[in-house]
Amino acid sequence: MFLFLPDFKLRISNLLSLEICRFVFVSVFILSVFATCDDADNKFHNDGPWITGSENPGQKICISWITKNKTGTKRDYGVEPVNLENKVYFEPLQNFHHACLDSLIPDTVYYYSIPQELSFASAEHLDSFKTPKINQESFSFVIMGDMQPEDYSGSQRVETMSAAVALEEPEFVVQLGDFTQRGTVPDFWHYVFYGSASLFSTYPLYGIIGNHDQDYDQGKTWRKTFPFPFEKPESSYYFVDYNNLRMIFLDCYEQSRKIEKEQLIWLEDLLFTASADSFVFVFLHGSIYSSGMENMDHDLQVKLTPLFDKYGVDAVFYGHDHMYEHYQMTYGDNGYLFAPDHNWPHNRVHYFLSGGGGAQLESSYGILNRFYYVYKRELYNLNTETTEELLFEVRDWNEFKFVDWSPSSSTPASQNYYHLASEESYQDESEFFGQEYGENTLHYIKVEINSEEAFVTVHYPDGTLLRGPQKSNPQEWILLKK
Ligand SMILES: [Fe+2]
C-alpha cells in the first residue's frame, strides 16, 4: 500500500499574492533583524563555565563562559588551589569568553577561578580539571546525544544525564549535536548550561554541530560558544588524535545543508593517513541509519558508507533521532551497493544512533503512531550486476513492546519502547542495513580503549547496562583493531 504525503507548499498564482508575500517577507526580515540584535545585546545570561578539549589534549584546554553584560576576560589558574599563579586577561569587553590555557603539564590537576558573575557554579569560586596523560595505555570517555532543552524541565533531564556521565569520571565527553534547541536564542543556551555546567566545568567537551545548532545563523553562535580546533575558521568540522584513537568530527550541515565535496576529500585523507595502530571513530549528527522519525539519511549513506567501509572505520556515532539504535553492517553483504564502483575487501562497521542526551524522546514525536508508508530506492545488485528499484516499508513501533525492568529515570513515562529486529520488523530498510536493537530511552555510551581493544557499553541514566527485554540483549561490544 502506498501513501502519498500531501504537499504543503503554498502555490502563489497571481501578482497580488506575490506582492502580499513580498510585504510579509520584508516585514518578517526586519523583525528578525531587530530580534537578532535584541538577542545579541540584551538577553544573555551568566552561564558556564565549560571547558573544551583541543587538538593537543595533554597540553591545551579552553575555559569558556558567557556573561550577561560585556566584561573583560579574566581567569586565574594553577596547580595549587590556594595559589592560582597563572593569569589570563583580555581587555576587550564581550559576552563570550574563552581563556585558552596552553603549555599545560599532562596528567595534572589544575584549579581555576570562577568569576563573580558565575558564583552559582561554585561556592568556593573554584573549579578544576585534569589534563590527560600522553601515550597512556588506556583511557575512557563518554558519548552523549541530543540535549536541546526547551525549558527548565528540559534542563532537568540534561542535569540527570550530566550527573550520570560525571559519575563515570570520563577523560572527556563527546556530544553528538543539537546541544541547544535554537542556536541563536540565549534563553535556550541558558537551559543547556543550567543543566550541564557541573559536568562540563570539569570534563573537557568535544562536540558536533547539529541542525538546531546550525540553523538560523549558519552555526555562528555555536562556533562562538565552542572553540574547537576547526579545520578552518568558518568551518565546523575538525579532528583530534587522542592517544591511539583518531576522532573525526563531521559537519552534516554546510552551506547546502549537506556534507560538501571539500569536507569529503578532507575526510578521506584523514581515513587514509590514520595509523594502523589507531582506532578510528567518526562522529556526526545526521541519522545516517535510523528507524526514528527523522529516519534514514540517504545522502549521508551514499556519501559516507563506502568511505567507512573502504578504510575500515571502527565505529560511527550519531544522533538526531532521540533514541538508541545499533547497527552492524558490512557494506554489500545484503547483496546491494549504492553504486557499482567497489573493488576492495569489505569491513564490518558499528553504527550507533545515540540521541538520548536529555532531549524529548521519539515517542513524543509520534514513533508509536506514525503513518505507514513505502518508498523506493535504486540500488546496485551485486549478483545481477544491474541497478534495481527496491521498495521499503515503514511501520509504527509496537506500543506493547517495552522494557519492563528499565529504570524510572530513563523515560518520563518509565516505559522504554524497544525494537528487536528478530522479534518484529518496523522498517524494511533498518533490517536491510543490519539493525540489531533499538530503544526509546535516555542513555549514554561509554568507551574504554587500550592498545588492543575498544570496549563500548550503553547505559541508562542510573548507570546500569542497557540490556533490552528480559535482559537478553546487553548493549556491549569489544572492538578489535582491524
Ligand atoms: Fe537534529
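The values are calculated or read from the model by the stated rules, or taken from the named source; none is laboratory data. This structure is a prediction, so every number in the text was calculated from the model and none was measured. Cβ atoms come from the backbone with ideal geometry, glycine included; neighbour counts cover every protein chain shown.
List of remarks:
- Per-region count, the stretch 388-400, residues in a loop (DSSP other than H, G, I, E, B) and either buried (at least 17 other Cβ atoms within 10 Å of the Cβ) or touching a His at 6+ places or on another chain (Cβ under 6 Å) (or both): 1
- Within the stretch 53-78, being over 17 Å from Glu91 (Cα atoms), out of contact with any His (no Cβ under 9 Å at 6 or more places or on another chain) and of a type outside the set (D, E, K, R) holds for Gly53, Ser54, Asn56, Pro57, Gly58, Gln59, Ile61, Tyr77, Gly78.
- Test: residue in the stretch 428-444 that is of a type in the set (S, T, N, Q), in contact with a Ser or Thr (Cβ under 8 Å, 6 or more places away or on another chain) and closer than 30 Å to His342 by Cα: yes
- Applying the set (1) within 16 Å of the ligand (Cβ to nearest atom); (2) farther than 17 Å from Gly286 by Cβ to Ile209 leaves exactly one unmet item: (2).
- Breaking point among (1) among the basic types (Lys, Arg); (2) over 30 Å from Asn83 (Cβ atoms); (3) away from the ligand (no atom under 16 Å from the Cβ), for Lys130: (2)
- Hey, Asp321 away from the ligand (no atom under 16 Å from the Cβ), surrounded by 16 or more Cβ atoms within 10 Å (Cβ to Cβ), under 26 Å from the mean Cα position of the chain (by Cα) and at pLDDT 95 or above or not: no
- Residue check, Pro306 in contact with a His (Cβ under 8 Å, 6 or more places away or on another chain), more than 16 Å from the ligand (Cβ to nearest atom), over 23 Å from Ser422 (Cβ atoms) and in the same structural domain as Asp178 (by TED's automatic domain parsing): yes
- Within the set Thr184, Thr221, Thr225, Thr202, the sole residue that is of a type in the set (Val, Ile, Thr), away from the ligand (no atom under 13 Å from the Cβ) and more than 18 Å from Ile63 (Cα to Cα) turns out to be Thr184.
- All conditions but one from (1) in contact (Cβ under 8 Å) with a residue 12 or more places away in the chain; (2) more than 22 Å from the chain's Cα centre (by Cα) apply to Glu431; the one that does not is (1).
- Condition broken by Val158, with the remaining ones in (1) within 18 Å of Tyr253 (Cβ to Cβ); (2) surrounded by 20 or more Cβ atoms within 10 Å (Cβ to Cβ); (3) within 16 Å of the ligand (Cβ to nearest atom) satisfied: (1)
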